[in-house]
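J.: Here's a structure for you.
All of the numbers you see were taken from the coordinates with simple rules; none came from a lab. Keep in mind it's a predicted model, so treat the numbers as computed, not measured. Reconstructed Cβ throughout: ideal geometry from the backbone, glycine too, with neighbour counts over all protein chains shown.
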Amino acid sequence: MEIFLILLVGCFSGMVTGLTGASGVMVVVPLISILFNFPIHEAIGTSLVVDVLTSVIISITYFKSHKIALKPAAFVAISSVTMAQFGARFSDKIPERGLDSGFSFTLIILALIIWQTGIKRDKTPVAPFNLSDHRSPLWRILLSVLLAGGSGFMTGFIGAGGGTNILLILLFVNRFPMHNALGTSILIMSVTALSGVIGHASLGNVNLITGIVLAASAIPTGIYCARYASKISERSLSRLMGAVYLILGVVMIIVNIRNS
């Protein structure tokens, strides 16, 4: 029965990723915490396993299409991966109750934002900002390193996938073409998530088997849903995902209160 529920959670995570392009971590963490009584630290570490495997599979497609340019984004990758280690170790210092509550309120805030502003799935190429000529490459490198470090830290800290943040950095700071930015950000995200997994695993906060089972059902579901994402209106999807995150956040708070 438990393995069946884990597969269902993985399918739901894949559905969220496929439809919205967002990480399924925000679904995996609360569900395995509620359904299987995973400690919040272990839930975050385990959810990152799903991010690693899913991102690797997707990045292979971009690699075959020559849409990955890791060398020009090396500083971004190094900063993100390094700070994921710090995020994982800092997360372990936060008391279980405090991290539970923080994650719950993060879900609720995210639900309200999605409900209000919607989920953007538009794949139309976005023209990057035209930085003034007086801005030197060194300035651009320093800014991208700083932003990527913050994104990597949050990935290690709460498991939230930093793929979107890395994508924006590559687009607007490094001025990558859209397809190259997408492929490269996904690959960097997989390595960043792996760094987070290693950090959490060193602290005993990863259930590898559960993570692999979750990924096994998330990957095919995500691929399937991605193909049909355009058939669902932005408004309907935003309302649905906002409601899901809100419910999960409230349920986590109730469970925490009952267990206190």
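J.: Taking only pairs that are 8 or more places apart or on different chains, how many Lys pairs in the chain have Cα atoms under 29 angstrom apart?
T.: Step by step, the pairs that qualify in the chain add up to 10.
J.: Let me ask another. Round to the nearest 0.05 the FRET efficiency obtained for residue 35 and residue 75 when R0 = 25 Å and r is the Cβ-Cβ distance.
T.: Rounded to the nearest 0.05, the efficiency is 0.05.
J.: Continuing with this model, one more query. Under 10 °C and 1.306 mPa s, how fast does region 50-98 diffuse according to Stokes-Einstein, given a Kirkwood radius computed over C-alpha pairs? Answer in µm²/s, whole number.
T.: For the chosen part, D equals 120 µm²/s.
J.: Oh, and also: Ordered by packing density, taken as the mean number of other Cβ atoms within 10 Å over each peptide's residues, highest first, how do 173-184, 238-249 rank?
T.: Details: 173-184: 20.6, 238-249: 18.8.
By packing density, highest mean first, the sequence is 173-184, 238-249.
J.: Order the peptides 40-49, 199-208, 80-89, 150-159 from the highest to the lowest mean number of other Cβ atoms within 10 Å of their residues.
T.: In decreasing order of mean packing, 40-49, 199-208, 80-89, 150-159 become 40-49, 150-159, 80-89, 199-208.
J.: Turning to a different aspect of this structure: In the P(r) worked out for the chain, what percent of Cα pairs fall beyond 24 Å?
T.: 47
J.: Moving on. For the chain, which DSSP H helices look membrane-span-like by this rule: Cα extent along the axis of 24 Å or more and mean Kyte-Doolittle of at least 0.0?
T.: Qualifying helices, which must be both long enough and hydrophobic enough, are 2-20, 40-64, 74-93, 96-117, 137-158, 178-202, 208-227, 234-259.
J.: While we're on this one: Take region 182-260, compute every pairwise Cα distance, and split them into 5 Å bins from 0; I just need the percent in each bin.
T.: Spelled out per bin, shortest first, that is 3, 11, 9, 15, 20, 22, 13, 5, 2.
J.: Of 146, 29, 49, which is farthest on the positive side of the dipole of the chain, counting Cα position, with +1 on Lys and Arg Cβ, -1 on Asp and Glu Cβ, and the Cα centre as origin?
T.: Farthest along the dipole direction, towards plus: 146.
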